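All remarks here apply to the structure that follows.
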């Protein structure tokens, strides 16, 4: 050590640490996209953090054919209708694997012809004369562009292709019908070790430093196996974080059949929210899970990203509820409440327009514990848990001494007191209890902190007790008798 003579200063870590707050409702959406239209090549089984509609279209393409390209439904709903961001998109449709060959004849009208097929891969297109004797060249004889629907246009730019002539177009096109539930579930590629499908949920935080809040797979989540894996992933993200999955019950069933489907297929997780039926706005039909994610995001944003308020009784962006075939349905409060009592969220048009109706996770009525069955209470437990992990992760492997324990306790209590003051929770505290920290655990480097929290339950029922009060009659008589 060097010789010192004088006054010196030294710094120690601040005893109270400001919280590193978790993203409450970051949606992670797995599905299929028209990546043939992407500007910089196809993203396949690669999570992408998206902040704008334009960015989504640039990286994944866009088509109005939502049955084939399920990510487009979510992109349109979340960005155009609810104006929420960001979102993580994962496409599993592979242009090198899930393809089909096709040939179509088309007639040029004013130098343009439409090939009525979605998902065409531009690099595979061969345009010839009708009899096949002449092969035309891209960017010399013709240009390729795509329509909003996802179909392709051929535009002649040279006299080599006569106007009003017929052409033959041969191509490879994306074939979403080859996608199965196994592609959505994913796993680990045995040859490359690469994560696929839902397994990529565990890459979100390492990639983007954001904790997944909601996991969705529109169209696919009504598959019981997909729903089960979504619940498992949401319950245990990276082995430490927690989120929620939003699944759809089949919209081809009557409302009385949905509870049986839910129970038969074991859709009873506390990390699940079950939705039924679909909703529509104009000509576009949405899975209710898609719009529920938008309502959750909008509600959280109004509360400084604290997920303490239920999405129930909040407006959807729809003008009807529909079954799979497009048949409109109108549930009354009794029918909607029946579904709610079975742990199913639905859409209700009663007072104030079309709204989300239901506070319960899929765990209800199998369990009545409010931390597992009320959507906002479950989400608050997740959010507080995730925030505590993010805030105090840097203290892992610090010396196990009084300063460490007091820093964790004081910081957490200060934060919880702030949540209570804002009425985001009814109360909360963190304590280091002797009975929960035996000598053997402390010797082995294990510390346990007990977190007491009480998020407010949603006021799902408000009763007015009516009584005829005869005293007012007596008072009336007395006032008139004078």
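Annotations
- Filter result for residue 361 (surrounded by 17 or more Cβ atoms within 10 Å (Cβ to Cβ), farther than 20 Å from residue 254 by Cα, in contact with a helix residue (DSSP H, G or I) (Cβ under 8 Å, 6 or more places away or on another chain) and in contact (Cβ under 8 Å) with a residue 40 or more places away in the chain): yes
- Output for the stretch 272-294, where each listed residue is surrounded by fewer than 24 Cβ atoms within 10 Å (Cβ to Cβ) and over 19 Å from residue 31 (Cα atoms): 280, 281, 282, 283
- Qualifying residue in the stretch 169-184 (condition: touching a strand residue (DSSP E or B) at 6+ places or on another chain (Cβ under 6 Å) and in a helix (DSSP H, G or I)): yes
- The set of residues from the stretch 418-433 being surrounded by 14 or more Cβ atoms within 10 Å (Cβ to Cβ) and either under 30 Å from the mean Cα position of the chain (by Cα) or more than 21 Å from residue 401 (Cα to Cα) (or both) comprises 419, 420, 424, 425, 428.
- Which listed residue is closer than 26 Å to residue 412 by Cβ, under 22 Å from the mean Cα position of the chain (by Cα), in contact (Cβ under 8 Å) with a residue 24 or more places away in the chain and assigned to a loop (DSSP other than H, G, I, E, B), from 305, 300: 305
- Any chance residue 143 is closer than 30 Å to residue 75 by Cα, touching a strand residue (DSSP E or B) at 6+ places or on another chain (Cβ under 8 Å) and crowded, with 17+ Cβ neighbours inside 10 Å: no
- Selection from the stretch 314-334 of residues that are in a loop (DSSP other than H, G, I, E, B) and either buried (at least 17 other Cβ atoms within 10 Å of the Cβ) or in contact with a helix residue (DSSP H, G or I) (Cβ under 6 Å, 6 or more places away or on another chain) (or both): 314, 316, 317, 318, 323, 331
- Options 203, 114; residue that is in the same structural domain as residue 37 (by TED's automatic domain parsing), under 40 Å from the mean Cα position of the chain (by Cα) and outside any loop (DSSP other than H, G, I, E, B): 203
- Filter result for residue 196 (in contact (Cβ under 8 Å) with a residue 40 or more places away in the chain, in contact with a helix residue (DSSP H, G or I) (Cβ under 8 Å, 6 or more places away or on another chain) and either exposed (fewer than 15 other Cβ atoms within 10 Å of the Cβ) or farther than 25 Å from residue 361 by Cα (or both)): yes
The values are calculated or read from the model by the stated rules, or taken from the named source; none is laboratory data. As the structure is a computational prediction, the values presented were derived from the model and not from experiment. Glycine gets a Cβ as well: all are built from the backbone with ideal geometry, and neighbour counts include every protein chain shown.
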